[in-house]
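The values are calculated or read from the model by the stated rules, or taken from the named source; none is laboratory data. Quantities reported herein were computed from a predicted structural model and do not represent experimental measurements. Glycine gets a Cβ as well: all are built from the backbone with ideal geometry, and neighbour counts include every protein chain shown. All accessible areas refer to the heavy atoms of the entire protein, side chains included, with ligands and DNA or RNA removed. Shrake-Rupley method; radii C 1.70, N 1.55, O 1.52, S 1.80 Å.
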Amino acid sequence: MKRELAKEKARELLSKMTTEEKVAQMIQVTYTDGGREGALKWAKLGAGSFLHVLGDDARELQQEAMKTRLGIPVIFGIDAIHGHGLNNKATIFPSQLACACSWNPEVARKMGEVTAREVATDGLHWTFSPVLCIGRDTRWGRVNETFGEDPYLIGELGAAIIKGYQGEDLSDDEHILACAKHYLGYGEATGGRDAYDTEVTERKVREVFLPPFKKAVDAGCATIMTAYGFLDGTPLTANRRILHDVLRDELDFDGFVITDWDNTRSLVWLQHIASDMSEASIMAASAGNDMIMTTKEFYQGMLDALRDGKVDISVVDEAVLHILTIKYEMELFEKPEKKGEPGCFGKQEHLDASLDAARKSVTLLRNNGMLPLGGNVKKVAVIGENADNVRAQYGDWTYFTHPVPDPENTRPAIRPYVTLWEGVKEICDQSGIEAVYAKGCKVRPIEGQNEDADLEEAVRAASDADVIIYAVGDVIPQFGEFSDRADLNLSGRQFELFNKLKETGKPICTVLISSKPLCMGDTAEKADAVICGFNGGMFAGTALAEAIFGKLNPSGRLPISFPRHTGQIPVYYNQMPGWHGGKYNDLPIEPLFAFGEGMGYSAFAYEDLAVDANLKLTVTVKNTGDQDGVETVQIYQNDSVSSVLTPVKRLIAFTQVALASGESKVVEIQLSNDDFALINSKCEKVVEPGEFTVFAGHSSKDEDLISIKINL
Ligand code: GLC
């Protein structure tokens, strides 16, 4: 159904609703704290939505909702953020950060499409995804949920996955609503502290944090989720300027806005800007939040405020109109139990999509010639807990971690999945190579547990092999919400184990299986090869092993910079000029690994960069290696003189090109004036005439780029 017709129907229904029915429609109830009885009570009351309920439980609630006076169907939301991971039958993809290593919008779109099908087949309608936060302070626990540190790359991948989730028509049974989150600036909290203060100006908001959300709105994203934090002292949940004036009047957003978890109540007990629930309810609704996540006290709080004449019913009417319009557009009234293809969980096409995403995300960061492993290798030792730890490989927001935490890891891992050890073992078995595994130390040591014997066993296994594959990283309790880190060094005895393995004199390939960049120190600097896998999903082991043995030519590129030391943060590539000395006096100037960095078994050369008067860019890219490969051509710009400081370079375009060994291609990219715009001191988006430098190349590193000057 088209939006205008849906809005008309919504207006008509709204006119028949009582005040109680309207306020109830704004409430989203969680199944995890009220359980079945509590949820049924709210369904009878006419709650507009439920979250974290699956399958038959959802169907029961919908049937209850359909019995209410006006029979308004509920909408079910869930955190399906790299697959419908809260359901243990579903396909689990690489995390957003791992997926972003592919620099491939089609990979993101496909991840969204498959996730939508599996969420829909569960009778659910809406995912709280994508995260469009900017992961620039990697102490933050939720960097794994981002598409990395760059607004342009985040916006491109975010728009793609939204298209995958929503398709072309919200009413079809195989697609679901997307939810761009967390609006706005949530990842930039001071100190990397989750949900803390984001001390940025409105100009910075418009320059850095708003662009990905504009792309999401332009991609038709149906819902937006408000961020926990606050901008310059005003919580987003209470920030009408950002939530209404910017989002609706400037970006032309026409869907509905939901708060984050219990954010309305936080205004009272945590952020202390409301004295009671009635005041908080008025604030949240008046700021432009249409749906209230899990704060059930909003119901009575808003009714009290309306009764006491403290707020006009028009505030509620506007919110309910936004919600009902989307419900009509999805044809939820006609198909309250709409669901996708029965039993499509984990069908082969879906599993293939997860493996394809994993293959395109593998990022080779260092290789002194050790890889790909060749015929002279007779025995491989795979070492490290994370080489055989599917929980670490999956990362956050799967059935291991949600909807309720499981600190004792009681939930069984459901096949299919392939760990790094299993992937290596499979190739070795096929190739007549012996393979052995030893855990060595735990990533996160258990208090008082002596691991000496485990380390000795790992060193013995390594000493007896020709090469070592050593997995390092982090584990579930070390990341996620409420789980920021002050020290990003590899935890436990991971460094010590590396040094012992190094003493064996065998070549070592370090594989990072982690939620985000960690300070890898010698495990990167002194390894013969380094591969980044992050949380690579179900088949990360297959993809990593294929890269190690040369069955896959890695094409991943980093979407985020790696600090050498936690104190080096913020280390993102698009820094401002002006730092006296430009570096800490106790660290090298560069990050450990740079944004856009990644290599394969090919090599690529760039020449003849040109930009014509219509801003059409051409550059010749040649595969100078002896293997066919895929190159991600990255285009950056720098504004030579600008009225406000602008970054030393900023990504404005990228594309991928497949090149056979020895092949050259002229790559064409159409740039636009917008790529050279800045936000001036009056918060206006302008292109200031003058000289710009345009860069093209293999990564954000100066040595990987060629450049020309242009004048606009
Ligand atoms: C959480 C997260 C948000 C998630 C929501 C529902 O607190 O901040 O990203 O979608 O609650 O689970």
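Table: residues versus (1) open to solvent by less than 60 Å² (accessible area, probe 1.4 Å); (2) under 17 Å from ILE706 (Cα atoms).
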{"position": "ASN614", "(1), (2)": "no, no"}
{"position": "VAL621", "(1), (2)": "yes, yes"}
{"position": "VAL630", "(1), (2)": "yes, no"}
{"position": "GLN637", "(1), (2)": "yes, yes"}
{"position": "VAL641", "(1), (2)": "no, no"}
{"position": "ARG650", "(1), (2)": "no, yes"}
Practice item. Spot the failing condition for ASP150; the list is (1) open to solvent by less than 10 Å² (accessible area, probe 1.4 Å); (2) over 16 Å from ASP260 (Cβ atoms); (3) touching a helix residue (DSSP H, G or I) at 6+ places or on another chain (Cβ under 8 Å), and only one is missed. Key: (3)
Practice item. Kindly indicate whether any position in the range 102-115 is surrounded by 24 or more Cβ atoms within 10 Å (Cβ to Cβ), under 30 Å from TRP42 (Cβ atoms) and modelled with pLDDT of 95 or more. Key: yes
Review point. When residues of the range 659-682 are filtered for being in a strand (DSSP E or B) and either at positive phi or in contact (Cβ under 8 Å) with a residue 60 or more places away in the chain (or both), how many remain?
Key: 2
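Looking at GLU329, GLU385, GLU341, which one is touching a residue at least 24 places away in the same chain (Cβ under 8 Å) and in contact with a strand residue (DSSP E or B) (Cβ under 8 Å, 6 or more places away or on another chain)?
It is GLU385.
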Point to revise | Within the range 307-347, tally of residues that are among the small types (Gly, Ala, Ser) and at negative phi | key: 3
Study note, to complete from the structure: Within the range 36-55, the count of residues that are open to solvent by 30 Å² or more (accessible area, probe 1.4 Å), part of a helix (DSSP H, G or I) and in contact (Cβ under 8 Å) with a residue 12 or more places away in the chain comes to 3
**Study point:** Every residue from the range 120-147 that is open to solvent by 10 Å² or more (accessible area, probe 1.4 Å) and farther than 23 Å from LYS89 by Cβ
**Key:** ARG136, ASP137, ARG139
Check your understanding: within 16 Å of the ligand (Cβ to nearest atom) and not hydroxyl-bearing (Ser, Thr, Tyr): does that describe GLY537?
Key -> no
Review point. GLU349 passes all but one of (1) more than 16 Å from the ligand (Cβ to nearest atom); (2) charged (D, E, K, R); (3) under 28 Å from the mean Cα position of the chain (by Cα); (4) assigned by TED's automatic domain parsing to the domain that holds LYS110; which number fails?
Key: (4)
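For the range 354-365, state whether one or more residues are touching a residue at least 24 places away in the same chain (Cβ under 8 Å) and surrounded by fewer than 18 Cβ atoms within 10 Å (Cβ to Cβ).
Filtering the range 354-365 for residues touching a residue at least 24 places away in the same chain (Cβ under 8 Å) gives 354-365.
The next check asks that each one be surrounded by fewer than 18 Cβ atoms within 10 Å (Cβ to Cβ); those that pass are none.
No, every residue in the range 354-365 fails to be touching a residue at least 24 places away in the same chain (Cβ under 8 Å) and surrounded by fewer than 18 Cβ atoms within 10 Å (Cβ to Cβ).
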Study note, to complete from the structure: Residue hits (the range 242-254; touching a residue at least 24 places away in the same chain (Cβ under 8 Å) and in a helix (DSSP H, G or I)) are ILE242, LEU243, HIS244, VAL246, LEU247, ARG248
Check your understanding: Which of the residues that make up the range 72-96 are open to solvent by 10 Å² or more (accessible area, probe 1.4 Å) and away from the ligand (no atom under 16 Å from the Cβ)?
Key -> ILE72, ASN88, LYS89
Review point. In the list ILE569, ILE548, ILE531, ILE589, which residue meets the criterion of being within 23 Å of ASN638 (Cα to Cα) and either at pLDDT 95 or above or of a type in the set (Asp, Glu) (or both)?
Key: ILE569
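Working carefully through the options ALA108, ALA160, ALA189, ALA98, find the one that is free of Cβ contacts under 8 Å to residues at least 60 places away in the same chain and more than 30 Å from LYS335 (Cα to Cα).
Only one candidate passes the filter, namely ALA189.
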Check your understanding: So which of ASP487, ASP454, ASP429 ends up being part of a loop (DSSP other than H, G, I, E, B), open to solvent by 40 Å² or more (accessible area, probe 1.4 Å) and in the same structural domain as ASP406 (by TED's automatic domain parsing)?
Key -> ASP487
Revision key, fill the gap. Checked the range 652-668 for anything closer than 26 Å to GLU207 by Cα, open to solvent by 20 Å² or more (accessible area, probe 1.4 Å) and of a type in the set (Val, Ile, Thr); matches are THR655
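For the range 377-388, does any single residue satisfy the condition of being of a type in the set (Gly, Ala, Ser) and open to solvent by 10 Å² or more (accessible area, probe 1.4 Å)?
No: zero hits.
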Study note, to complete from the structure: Counting only helices (runs of 4 or more DSSP H) wholly inside the range 258-323, the ones holding at least 2 residues that are away from the ligand (no atom under 16 Å from the Cβ) and of a type outside the set (Phe, Trp, Tyr) are 277-287, 297-307
**Study point:** Residue within the range 11-30 that is away from the ligand (no atom under 16 Å from the Cβ), free of Cβ contacts under 8 Å to residues at least 60 places away in the same chain, open to solvent by less than 50 Å² (accessible area, probe 1.4 Å) and part of a helix (DSSP H, G or I) present
**Key:** yes
Practice item. Could you identify the single residue in TYR183, TYR196 that is within 16 Å of the ligand (Cβ to nearest atom), modelled with pLDDT under 95 and of a type in the set (Phe, Trp, Tyr)? Key: TYR196
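For (1) outside any helix (DSSP H, G or I); (2) among the aliphatic types (A, V, I, L, M), each residue gets a yes or a no:
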| position | (1), (2) |
| --- | --- |
| ALA387 | no, yes |
| GLN393 | no, no |
| PRO403 | yes, no |
| PRO407 | yes, no |
| ARG411 | yes, no |
| ILE414 | yes, yes |
| VAL424 | no, yes |
| ALA435 | yes, yes |
| ARG444 | yes, no |
Point to revise | Qualifying residue in the range 229-240 (condition: more than 14 Å from the ligand (Cβ to nearest atom), open to solvent by less than 30 Å² (accessible area, probe 1.4 Å) and in contact with a His (Cβ under 8 Å, 6 or more places away or on another chain)) | key: no
Exercise for review: Working only within the range 241-261, note down all residues that are more than 15 Å from ASP218 (Cβ to Cβ) and open to solvent by 20 Å² or more (accessible area, probe 1.4 Å).
Suggested key: ARG241, HIS244, ASP245, ASP249, TRP261
Review point. Of all residues in the range 548-607, which are of a type in the set (S, T, N, Q) and part of a loop (DSSP other than H, G, I, E, B)?
Key: ASN553, SER555, SER561, ASN574, GLN575, ASN585, SER602
